[in-house]
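*Asks:* Okay, handing you the structure first.
What follows is calculated from the coordinates using simple rules that are stated; it is not laboratory data. None of these values were measured; they are calculated from a predicted model. Backbone-built Cβ (ideal geometry, glycine too); neighbour counts: all protein chains shown.
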Amino acid sequence: MKIREIDKELRARVIKLIKDSWGSSIIVSRGKVHNIDNLPGFVVIEDNNIVGLVTYKIEDNECEIVSLDSFNENKGIGTRLLERVVLRAREEGCNRVWLITTNDNIRAIRFYQKRDFNMKAIHLNAVEKAREIKPEIPLKGYDDIPILHEIEFEKALK
């Protein structure tokens, strides 16, 4: 499993994967718009294919994971990418790594808790506000669960 930092050569491929997975290259979390076109991140490449990717943003001594996708689940790809971002956050002197997922994403909720991320907050009805910015966010998600709330997870580094 080879992890590479996203560079100019990989950027177009990453943007296409994000658009295919998320509906656009824009992701909204906590009312803030993130354009994946500009974010740093890492990919896992196997047989010249991107099988996992993570993007993040470091600001005010905090590292937000903006997106994490594994296209070949249960192989440790997501875990390796998560560990790599935590390492980068430590190198940059961040106090915490945090992220947002939605209430329908039960797999992500389980994934982060198993990797020592704690549920910091539940932002009720936050997705309704996010839809004002990004209307393509679906009304229902995994298992036909209505997508309503943002769940904030964090891992303290200090």
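*Asks:* Just for the Cα atoms in the stretch 2-156, what are the lengths along the principal axes, largest first, rounded to whole Å?
*Replies:* That works out to 38, 32, 29 Å along the principal axes.
*Asks:* Using the Karplus curve 6.51 cos²θ - 1.76 cosθ + 1.60 with θ = phi - 60°, work out ³J(HN,Hα) for each residue of the stretch 120-125 in order, rounded to whole Hz, and write x for Gly and Pro.
*Replies:* Using θ = phi - 60°, the values come out as 8, 7, 10, 9, 5, 6 Hz.
*Asks:* Go through 123-131, 135-143, 95-103, 110-118 and give me the packing order, highest mean Cβ count within 10 Å leading.
*Replies:* Peptide ranking by packing, descending: 95-103, 123-131, 110-118, 135-143.
*Asks:* I'd like the FRET efficiency for residue 133 and residue 15, computed as 1/(1 + (r/R0)^6) with the beta carbon distance as r and R0 of 25 Å, rounded to 0.05.
*Replies:* Working from the Cβ atoms, E equals 0.85.
*Asks:* Right, something else. Which ³J(HN,Hα) values in Hz, rounded to whole numbers, follow from the phi angles of the stretch 27-43 under the Karplus curve 6.51 cos²θ - 1.76 cosθ + 1.60, where θ = phi - 60° and Gly and Pro get x?
*Replies:* Per-residue couplings from phi come out as 10, 10, 9, 6, x, 9, 8, 10, 9, 4, 3, 10, 8, x, x, 9, 10 Hz.
*Asks:* Give the calculated FRET efficiency between residue 115 and residue 26 to the nearest 0.05, with a Förster radius of 22 Å applied to their Cβ-Cβ distance. Could you put the intermediate results ahead of the total?
*Replies:* On the way: r = 26 Å, r/R0 = 1.20.
Result of the calculation: an efficiency of 0.25.
*Asks:* Pairs of Cα atoms under 8 Å, at least six residues apart: use those to get the relative contact order of the chain, whole percent. Working shown, then result.
*Replies:* Working: 280 pairs, mean separation 33.0, N = 158.
Computed over the chain, the figure is 21 percent.
*Asks:* Sticking with this one: List the residues whose amide H sits under 5 Å from the amide H of residue 66, counting only those 5 or more places along or on another chain, with H placed 1.01 Å from N in the peptide plane.
*Replies:* The answer is 55, 56, 57.
*Asks:* Just to be sure I follow the rule: in the stretch 24-131, considering lysines 8 or more places apart or on different chains, how many pairs have Cα atoms under 25 Å apart?
*Replies:* So the count of such lysine pairs works out to 8.
*Asks:* I'd like the Kirkwood hydrodynamic radius of the stretch 67-158, using the inverse of the mean 1/r over distinct C-alpha pairs, in Å.
*Replies:* 14.3 Å
*Asks:* Moving to a separate point now. Would you pull out the residues with amide H under 5 Å of residue 157's amide H, same chain only if 5 or more places away, H placed 1.01 Å from N?
*Replies:* 96, 97
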